[in-house]
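Asks: Pasting in a structure now, in structure tokens, and then I'll have a few things to ask.
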Amino acid sequence: MLKTIDSLGDLRGKRVIVRADLNVPLDGTTITDDGRIRAAVPTLKRLLDAGAKVVVISHLGRPKGAPEEKYSLKPVVSRLGELLGTEVAFATDTVGDSARSTVGGLEEGGIALLENLRFNPGETAKDEAERRVFAQAIADMGDAYVSDGFGVVHRKQASVYELASLLPSAAGELVLKEVESLRKVTDEPARPFVVVLGGAKVADKLAVIDNLLGKADRILIGGGMAYTFQKAKGYEIGQSLLDEEKIDTVREYMERAEKQGVELILPVDNVVAAEFSADAEPTVVGADGIPADQEGMDIGPKTAELFASKIKDAATVFWNGPMGVFEFEKFAEGTKAVARAMSEAEGYTVVGGGDSASAVRNLGFDESLFSHISTGGGASLELIEGKELPGIAILEEGTK
Ligand code: ADP
Ligand code: MG
């Protein structure tokens, strides 16, 4: 059981540090998908209503332990304020003078956002002692800690892990909801249990297949993942995304799937193009022959139909990773077909992965047609794999 905000007692006038995940995609300073900010709202509202002094911490992007203007959290302040209906103060550093005076100036029911955690090397330091020192500097500004950045709970980072052991701590509303929803998928899922995998982070996601071979009834593979499989089958994949080192691993997965009676379903056709661009001319080819000068950009129409049919009668569906380069309209059809099939499925449907979730929203699907859209990519995958997540384990009752 995770510790909840209730366990923190009366929070009126207390400084509550909330680790949120406000790592939204930006185009310059314009937020292109505010899903993660909206996901942070329930916990923040609840704490504000309880009269807490709320101190929000988050990372944005991957700065290397020093300030970088393009990774500033500043553009997030006004959107967060709009959604909360209150003014949000902003500190231009994380644990320095600006942060301390901003936090010191908070009133009951007031809220501040501190600058990007990852502008400080201690946040992601390999060395535990170094992370502890940074976590202590944050802890000094608070009376309690709420962990609500689901997207980072699989990371042993200062603001996620060490900080939780330095203050009375609890899981926020988002973390609770995410864990509950994802456990429904992993703990005795209703069958057939179908997993759809795609996207570009091939190496990261292969481990998931390894783990799911014993659990899922069907695994559908599309997106950039698929070509390594096609290559392993001896097919020509042209200029498509490939993880050369993983060809043998992938071959072994296919053999195991066969032995265990798991349906491992690969594309039967692909949409290819001569260049990676929005105006490239799409061509449909069979899965066994992508021309040498072309690259796979999406699953083909036959595959889209096949995948949809394998999704529609499922009792549980977990989807991570777009089926193609959905950011380009011409190559979004495969991703749309999967999203549509999931939205029409009767079963319990979960979408995980930053890009997959934003694909669902940006392609115009009604979010309420999905049982759960996770805010975490890596974190949701690791939960599905059945791993213990440090940022969750530290919030279990009985841990300090
Ligand atoms: P998620 O964030 O949902 O976990 P990933 O980050 O792994 O997903 O991958 C998302 C990216 O994968 C998208 O930007 C999409 O354009 C890209 N992608 C999907 N299919 C292909 C492909 N065939 N070739 C190159 N990139 C692809
Ligand atoms: Mg991604």
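The values are calculated or read from the model by the stated rules, or taken from the named source; none is laboratory data. Bear in mind the structure is a predicted one, so any value in this text is a computation, not a measurement. Cβ atoms come from the backbone with ideal geometry, glycine included; neighbour counts cover every protein chain shown. Accessible surface is based on the protein model in full, side chains and every heavy atom, while ligands, DNA and RNA are left aside. Shrake-Rupley method; radii C 1.70, N 1.55, O 1.52, S 1.80 Å.
Asks: Enumerate the residues in region 103-131 having an amide nitrogen under 13 Å from the point lying 7 Å beyond the Cα of ARG12 toward its Cβ.
Replies: 108-109
Asks: What net charge is computed for the residues neighbouring TYR71, neighbours being all others with C-beta under 11 Å from the C-beta of TYR71, Lys and Arg scored +1, Asp and Glu -1?
Replies: Summing Lys and Arg as +1 and Asp and Glu as -1 gives +2.
Asks: Follow-up. How large, in percent, is the carbon and sulfur part of the accessible surface of the chain at a probe radius of 1.4 Å? Before the final figure, lay out the partial values.
Replies: On the way: 7710 of 16630 Å².
Looking at the chain in its full context, I get 46 percent from C and S.
Asks: Could you count how many Lys pairs in region 1-123 have their Cα atoms under 25 Å apart, skipping same-chain pairs fewer than 8 positions apart?
Replies: Taking region 1-123 as the scope, the lysine pair count is 10.
Asks: Also, I was wondering about something else. Provide the net charge surrounding ALA144, with neighbours chosen by a C-beta distance below 10 Å and charges set as Lys +1, Arg +1, Asp -1, Glu -1.
Replies: +1
Asks: Quick check on region 180-305: of the DSSP beta bridges with both residues there, what percent are antiparallel, nearest 5%?
Replies: Bridges in region 180-305 that DSSP calls antiparallel: roughly 50 percent.
Asks: To the nearest 10 degrees, how steep is helix 74-84 against the longest Cα principal axis of the chain, on a 0 to 90 scale?
Replies: The two axes meet at around 80 degrees.
Asks: Let me ask you something else. On a 0 to 90° scale, report how tilted helix 128-139 is relative to the longest principal axis of the chain, with both axes built from alpha carbons and the result rounded to the nearest 10.
Replies: 50
Asks: A further question on this structure: Take the alpha-carbon positions of the chain, form their convex hull, and give its projected area averaged over all directions (one quarter of the hull surface) in nm².
Replies: Details: hull surface 76.8 nm².
Dividing the Cα hull surface by four gives the mean projection, 19.2 nm².
Asks: Shifting gears a bit: Restricting the count to DSSP beta bridges whose residues both fall in the chain, what percent are antiparallel, rounded to a multiple of 5?
Replies: Numbers: 11 of 51 bridges.
Of all bridge pairs located within the chain, approximately 20 percent are antiparallel.
Asks: If you fit an axis through the alpha-carbon atoms of helix 35-49 and take the longest principal axis of the Cα set of the chain, what angle between them do you get, 0 to 90°, nearest 10?
Replies: Helix 35-49 and the main axis of the chain meet at about 30 degrees.
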